[in-house]
Amino acid sequence: MLHGARDWGLGAGGWSLVAGETLGPMGTKTLCLLLLGAGWLSCDEKYSGPVPPKPDLPYLLQAKKLSEVEIGKARQERRKDDTVSIIAGPGSSARTPLPEPIFILDARELEPQKIELFRLEVKDGNREVSLPNKDHTGASQPLHLRITPLGGHLYKIEASEMLEEGEYALAPTGDNRIFCFEIY
């Protein structure tokens, strides 16, 4: 190297930040991690999709349109060792062809983390589900959900697994309100 010339690029000694000084291997790794972290933080996406017109009600997201789910009250019935929730009618008016439905929720009072997804059985003209008891035993276990904050009070709720055709319900824990939909 010529006297007075400075190495500002990558060299055998690592990255140089100041003329004549280089980062060691740990310094290079630390710098890369800091740059990746700064890039990740700067690409904080804002949700730009449709917003539910009513709070505390999940809406099915289909393309860029929100569809209201069927809102109902579940009647509780004790059978043997199970508590069965019964919803009137054989099928939901809210339907989607998507096997992994996405819901948008404007949560004001409803806590998204307390919502569970259940598959319903059609029996005697009604839809029903046998809910887990307090000791977490019972015929039906909740299906997995992924809940993502979108900013403010908005949340995206997604089924974490492919759902088969049939009747389903989102049920807030400790509440007899139920939000029904059908996958066809």
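The values are calculated or read from the model by the stated rules, or taken from the named source; none is laboratory data. None of the values given here were measured: they were computed from a predicted structure. With ideal geometry, Cβ positions are generated from the backbone for all residues, glycine too; neighbour counts draw on all protein chains shown.
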**Request:** Assess whether D106 counts as being touching a His at 6+ places or on another chain (Cβ under 6 Å) and either in contact (Cβ under 8 Å) with a residue 24 or more places away in the chain or among the aromatic types (F, W, Y) (or both).
**Result:** yes
**Prompt:** Got a sec? Which strands (runs of 3 or more DSSP E) wholly within segment 69-139 have at least 2 residues that are modelled with pLDDT of 90 or more and within 18 Å of L163 (Cα to Cα)?
**Reply:** 102-106, 115-123, 126-131
**Residue within segment 23-46 that is modelled with pLDDT of 80 or more, within 36 Å of the chain's Cα centre (by Cα), in a loop (DSSP other than H, G, I, E, B) and surrounded by 14 or more Cβ atoms within 10 Å (Cβ to Cβ) present** = no
**Fill in**
Residue pairs within 8 Å by beta carbon, gap of at least six or interchain, first lying in segment 173-184 and under 9 Å from S92 (Cβ atoms), second among the aromatic types (F, W, Y), listed first then second, are C180/Y168; F181/Y168; E182/Y168
**In segment 144-176, the residues that are loosely packed, with under 15 Cβ neighbours inside 10 Å and either modelled with pLDDT under 95 or not in a strand (DSSP E or B) (or both)** = H144, G151, G152, S160, E161, M162, E164, E165, T173, G174, D175, N176
**Item:** Per-region count, segment 95-136, residues under 24 Å from Y47 (Cα atoms) and of a type in the set (G, A, S)
**Value:** 1
**Request:** Identify, by number, the condition in (1) touching a strand residue (DSSP E or B) at 6+ places or on another chain (Cβ under 8 Å); (2) under 23 Å from V51 (Cβ atoms) that L120 doesn't meet.
**Result:** (2)
**Asked** Across segment 99-123, what is the number of residues that are under 15 Å from the mean Cα position of the chain (by Cα) and surrounded by fewer than 17 Cβ atoms within 10 Å (Cβ to Cβ)?
**Response** 5
